[in-house]
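The values are calculated or read from the model by the stated rules, or taken from the named source; none is laboratory data. Here the structure is a predicted model, which means the values were calculated and not measured. Virtual Cβ from ideal backbone geometry, glycine too; neighbours counted across all protein chains shown.
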Amino acid sequence: MFSFFKKKVPVPPPATAPAPPGAIPGSLAPGSLIGSALVTPIAIPLPQATPFERERWVDKLKSGLRKTGASISGVFSGAQITEELYEDLEAALLMADTGVKATQHLLDVVKARVKSSGATHPVQVKNILVEALTLLLEPLEKPLVIGEYKPTVIMVTGVNGAGKTTSIGKLTRHLADSGATVLLAAADTFRAAAREQLSIWADRNTVEIVSQEGGDPAAVAFDAVSAGKARGKDVVLVDTAGRLPTQLHLMEELRKIKRVIQKADPNGAPQEVLLVIDGNTGQNALSQVKSFDDALQLTGLIITKLDGTAKGGVLAAIAQERPVPVYFIGVGEQLEDLETFNAREFAQALLS
């Protein structure tokens, strides 16, 4: 079901090998050799077609965002486009935690396009808003790619309760199911429950784990990355302790973990620094993105717990003020409830 990454393995195909589905005729597959030169692998974008499983996922996303969407969609129930409609739309977007800057941007775009298109009915305004929101969110679309480096080191952080360790477990499952060899690093050494939870995921997915009780988190990360290199693992996933961005000494510990990972593997590690945020926290989620990005230079986000939230507009605020790519969004506790982010799907689900 997941299409979130392309595992890059340089295997030169024979000259007569058929092109993979979707390839451009005459093009070279990733990993092909020209003389002695290796063609640089290219990340495969998210598929445009919507398979049955993706449709089920979109339906679940619509259901999860219903609270947010209902408050916004109700604005378009009238018969005419009036100034009052725009005032109500502004209030609804702000209530959905879209943020002042993103709300103003969307209103400006919608008003301009309504005027240029000659729209006369509120439903047309809603369709214009879907397009405006899609364009705002599109910079957040980015597939996670592994295999360019071996191991690909992914450092995962977030505040307590955001669903960080569970998201790591789900990600591990799908990586393992796709044939990637994974090593987990239980660098949340101060919370026994976190180590136990990660160990359970390691057992379920038959992957190895590096863990120690009460040890230094940076030391665990160093050992895990070193072990990942020595054992030829495709991915090393480093779980770090949850903390608030206001806990400056703990944020400094995260910086230390990142520095130590860089020493363990100076070949660009960690290649990914992901922040897991709870979609229910609204504008506080934006504050977290800003704080963690300032401290760690984030490469991606995982947005969890979007089911039942009335604050789904926060993704627009993130796109407007700190456009860190959103790799995955979650709308439930099941394995299949974590999926890749698609701007148009999200915009349509939010305003369905």
Residues that are touching a Leu at 6+ places or on another chain (Cβ under 7 Å), outside any loop (DSSP other than H, G, I, E, B) and not assigned by TED's automatic domain parsing to the domain that holds Ser73: does the range 304-312 have at least one?
no
One residue is enough: does the range 316-324 have a residue meeting the conditions at pLDDT below 95, among the hydrophobic types (A, V, I, L, M, F, W, C) and either touching a strand residue (DSSP E or B) at 6+ places or on another chain (Cβ under 8 Å) or not in a loop (DSSP other than H, G, I, E, B) (or both)?
no
It is to be established whether one or more residues within the range 112-119 are over 30 Å from Lys256 (Cβ atoms), free of Cβ contacts under 8 Å to residues at least 60 places away in the same chain, of a type in the set (Val, Ile, Thr) and surrounded by fewer than 17 Cβ atoms within 10 Å (Cβ to Cβ).
no
Criterion: surrounded by 21 or more Cβ atoms within 10 Å (Cβ to Cβ), closer than 30 Å to Asp234 by Cβ and not hydroxyl-bearing (Ser, Thr, Tyr) - qualifying residue of Gly147, Gly99, Gly158, Gly179:
Gly158
Assigned to a loop (DSSP other than H, G, I, E, B) and farther than 27 Å from Leu315 by Cβ: does that describe Gly161?
no
Please find, among Leu106, Leu46, Leu65, the residue that is modelled with pLDDT of 95 or more, touching a Ser or Thr at 6+ places or on another chain (Cβ under 9 Å) and not assigned by TED's automatic domain parsing to the domain that holds Lys305.
Leu106
For Ala285, state whether it is closer than 30 Å to Leu94 by Cβ and either in contact (Cβ under 8 Å) with a residue 40 or more places away in the chain or in a helix (DSSP H, G or I) (or both).
yes
Tally, over the range 297-315, of residues that are more than 15 Å from Ala96 (Cβ to Cβ), modelled with pLDDT of 90 or more and surrounded by 17 or more Cβ atoms within 10 Å (Cβ to Cβ):
6
Could you tell me which residue of the range 130-169 is nearest to the chain's Cα centre (by Cα), considering only residues that are of a type in the set (S, T, N, Q) and under 23 Å from Thr240 (Cβ atoms)?
Ser167
Of the residues in the range 261-279, those that are crowded, with 20+ Cβ neighbours inside 10 Å and in a helix (DSSP H, G or I) come to Ile261, Ala264, Gly279
What's the number of the condition Ser211 fails, among (1) over 22 Å from Asp278 (Cα atoms); (2) crowded, with 20+ Cβ neighbours inside 10 Å; (3) modelled with pLDDT of 85 or more?
(3)
Taking the range 89-104, which residues are closer than 18 Å to Arg66 by Cα and either charged (D, E, K, R) or in contact with a strand residue (DSSP E or B) (Cβ under 9 Å, 6 or more places away or on another chain) (or both)?
Asp97
Give me the residue from the range 325-352 that is among the aliphatic types (A, V, I, L, M) and either in a strand (DSSP E or B) or buried (at least 23 other Cβ atoms within 10 Å of the Cβ) (or both) and, out of that set, modelled with the highest pLDDT.
Val326
Can you spot a residue in the range 235-245 that is of a type outside the set (Lys, Arg), within 13 Å of the chain's Cα centre (by Cα) and in a loop (DSSP other than H, G, I, E, B)?
no
Is one or more of the residues making up the range 288-296 surrounded by 19 or more Cβ atoms within 10 Å (Cβ to Cβ) and at positive phi?
no
Sole residue being touching a residue at least 60 places away in the same chain (Cβ under 8 Å), over 30 Å from Leu183 (Cα atoms) and touching a helix residue (DSSP H, G or I) at 6+ places or on another chain (Cβ under 9 Å), chosen from Leu144, Leu107, Leu89, Leu136
Leu136
From Thr120, Thr134, grab the single residue that is modelled with pLDDT under 95 and β-branched (Val, Ile, Thr).
Thr120
